[in-house]
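I have placed the structure first, in the form of structure tokens, so that the comments after it can refer back to it.
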Amino acid sequence: MSTRRIALEDLLALRAVSDVALSPDGRTVAYVQEVIVEERVEERPSHGYRSAIWLVDADGGPPRPFTAGAGCDRRPVWSPDGSRLLFVSDRFAPGGGGPARGGRPRHLWVIARAGGEARRITEHDHAPADAAWSPDGTRVAFSGKPPLLEPPASDVKIITRLRHKADGEGFWDGRYRHIFIVPSDGGSALQVTSGEFDHREPAWSPEGDRLAFVANRSEDADASNAADVWVVTLQGMDLRRLSAGAGPVSAPAWSPDGTTIAYLGHDNVCMGASNTMLWVVPADGSAPPRCLTRHFDRSLVHHILSDMRAHPPAGRPTWSPDGRFVFVMVAEGGTTQLAAVEVATGTVRLLTTGRREIYGESYDARCRRVALAVSDPATPGDIWMAEVGGLETGQPAIPAASERRLTAVNASLLDGRSLSAPRRFAFRGADDWTIEGWVMPPVGAKPGMCYPTILAVHGGPHFAYGEAFFFEFQVLCAMGYAVVLTNPRGSQGYGQTFTAATHHDWGGKDYADIMAGLDAALARFPFLDPDALGVQGGSYGGYMTNWIIGHTTRFKAAVTMRSIANCLSQWGTSDLAYHKSSWEFPGDPWEHPTFYWERSPLAYAGRINTPLLILHSEQDLRCPISEGEQLFTALKKQGKTVVFARFPDESHDLSRNGQPGHRIERLRLIADWFARHLPPLARPAPAGQTLAGVPGEDA
């Protein structure tokens, strides 16, 4: 088959799969497939997203669309008997009102497994999330907002709440999230919780008489990242708090006998850098929570960054039918894996291996089968199935031989494209720590030649690069660049000490790790040109890009995206950065102004001489656009080479879920900037160097 290099416009043809849900009988997998479609906005051609629920037989066969329409259908959930699917959609329904401010209203819908028309079951615009069936299938609990029956009298925002905005959502509309129950065949929703607090993630008890949920019901909730597991008894609406408010919690799951609740969380030892662990607590509150995995030095999260999806969550813990095990996801280096935790002992058994990103999982009712959403460096994402064995012997395992791929949604596109295959390597960073990295060779790299090289820095800092598909990097490799990726200290997947090592040290040993990784790659891979280097990154990676070019002149071009330039200003203008003072940085800015300024890239703007492209979204509430504005003004005033690109109506996640046209334009700006200041021209490698192993095997 003839192949060609990947192009920017190929992004418009890629399909994304997510929200995997295996039927209780283990026979059918429901999942969401998202596509980019052409549409017209104000009489101009444009592109938007459409998503539908698809089904595929667990034993194989052609996938088939199950829902259709002009909206986005998401988050399928099977009824306990497997006869129906619940999902969230913004599709239009007669009598449902017109588009809400900021987009069409979302509702809960139910459709029979046999097919037919879906039925809307919510009456008002609750913005529903976290929907869950009652055990008998007659009711649905969800987290939502009380209906806004009248539009606001004024568009003036009166701010009294600390947490008054959230990136990707916008400004708070005055409604707290509560737990509601609605009949599964439709009707009025009963509000279960009350008060000026947010409530989420309802989970039914096996008897259907209680709901567990997550909330911070303290008066200073907005000043903390903590939350608790609560239980409400539906007869009498009595509330009971089960955890101690020490840190964030999520995903409560009842044991089969209804006596115990498992959940994910940590006790804020290192705030956002803490390992997320598995906990269990008696549902009646008779004993305090018990952490099962404190000894297991990995976090039970999804941590891999990609531009194909925006932060998919780790799935809800799943109990085995006999209550002996709880199944969870694990951040393991540059991969995500599945594991089983023995409740009695806390023993953790990894169930999967392989260099890949598992970003979704769903077990059948007997935990004999699991459906997976999987990506690797050559695959944006597909659905797989696997068998779970060993439960009877207490040695649960997922044999690799049992895994089978059910979809190949992008095969028709990518089978005709030449892709770069990353080569993994290890190097010594600061403190002689062993650190993981990858080099992506240019497509068509030739022996004896070396190529311009771009160093990429990931965000977080407590996320990671890994064994996942990254469209942006494939585009750069197709242009003739090599790309170097590293997971410096602060990255998840390597243990608590490693993740927490950015404590009070942004721009310190993390910077040393990144530069050591670049030097190690240059020494190990002769096809990298040490005299033709670029650097780029987003969010914390943008902070580090700004920091790097303020501390070295090694790079001929740089691109900073959704970045931080001034730690003093970002602290108070971000939706979350004020939490940095609780652990990441030593106190609030007025307590340690010198530290905040000395760790701000803006303080070193006088040293920046690298041509810089600044990309920023105007509705970025995580790293507000004022950060890009300050850096641009500082450099432009000095007469430095700098360009500032502003993207209207986009959030912090522009590269992952922004308007398709803006995503393409962003990539084109990056490609053009590097082409202008770091032309993708190969030159003969220095004498005596070879190109062993390019482009495939690991070094």
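Laboratory data are not the source of any read-out in this text; all were calculated from the coordinates shown. Just so you know, these numbers come straight off a predicted model, no measurement behind them. Please note: Cβ atoms are built from the backbone with ideal geometry, for glycine as well, and neighbour counts cover all protein chains shown.
Taking a ≥ b ≥ c as the square roots of the Cα gyration tensor eigenvalues, the range 348-464 comes out oblate, since a/c reaches at least 1.5 and a/b does not exceed b/c.
If eta is 0.692 mPa s and T is 37 °C, what Stokes-Einstein diffusion coefficient results for the chain, Kirkwood Rh from Cα pairs, in µm²/s?
Details: Rh = 26.4 Å.
This corresponds to a translational diffusion coefficient of 124 µm²/s.
Given R0 = 35 Å, the distance between the Cβ atoms of residue 12 and residue 240 translates into a calculated FRET efficiency of 0.10. Charges were assigned to the Cβ only: +1 to each Lys and Arg, -1 to each Asp and Glu. The resulting dipole of the range 418-679 about its Cα centre is roughly 760 debye.
Both radii are taken from the alpha-carbon atoms of the range 182-323; with Rh as the Kirkwood radius, Rg/Rh is 0.97. The mean sequence separation of alpha-carbon pairs under 8 Å and at least six residues apart, normalised by the residue count of the range 258-414, gives a relative contact order of 13 percent.
Which GluC sites (Glu not before Pro) in the range 571-610 pass both tests, a DSSP loop state and at most 13 other beta-carbon atoms within 10 Å?
Working: sites: 584, 591, 598; in loops: 584, 591.
Qualifying residues, ordered by number: 591.
A Cα-only calculation for the range 210-267 places Rg and Dmax at 11.7, 36 Å. In units of the compact-protein estimate 2.2 N^0.38 Å, the range 418-679 shows a Cα radius of gyration of 0.95. With both residues required to sit in the range 418-679, DSSP beta bridges show an antiparallel share near 30%. Geometric descriptor of the range 594-683, per residue, is 131 Å³ (volume of the convex hull of the Cα atoms).
Only alpha carbons enter this Debye calculation for the range 392-437, each as an equal point scatterer, and the log10 of I(q)/I(0) it gives at q = 0.17 Å⁻¹ is -0.85.
Evaluate the Debye formula for the range 140-193 with equal point scatterers sitting on the alpha carbons, no solvent, and hand back log10 of I(q)/I(0) at q = 0.17, 0.19, 0.21, 0.30 Å⁻¹, in q order, two decimals. So the normalised log intensities work out to -0.70, -0.81, -0.91, -1.21.
Return the inverse of the average 1/r over all pairs of distinct C-alpha atoms in the range 407-526, which is the Kirkwood hydrodynamic radius, in Å to one decimal. Result for the range 407-526, one decimal place: 15.3 Å.
Take the alpha carbon gyration tensor of the range 143-240, find the square roots of its eigenvalues, order them as a ≥ b ≥ c, and report rounded if a/c is under 1.5; if not, report prolate when a/b exceeds b/c, else oblate. Numbers along the way, then the final one.
Details: a/c = 2.45, a/b = 1.43, b/c = 1.72.
Oblate is the answer for the range 143-240, as a/c is 1.5 or above yet b/c matches or exceeds a/b.
Of all lysines in the structure, the ones whose alpha carbon falls short of 30 Å from that of residue 637, not counting any fewer than 8 places away in one chain, are 556.
Note on the chain: dipole from Cβ charges, positive end direction compared against 412, 326, 492; the farthest Cα belongs to 412.
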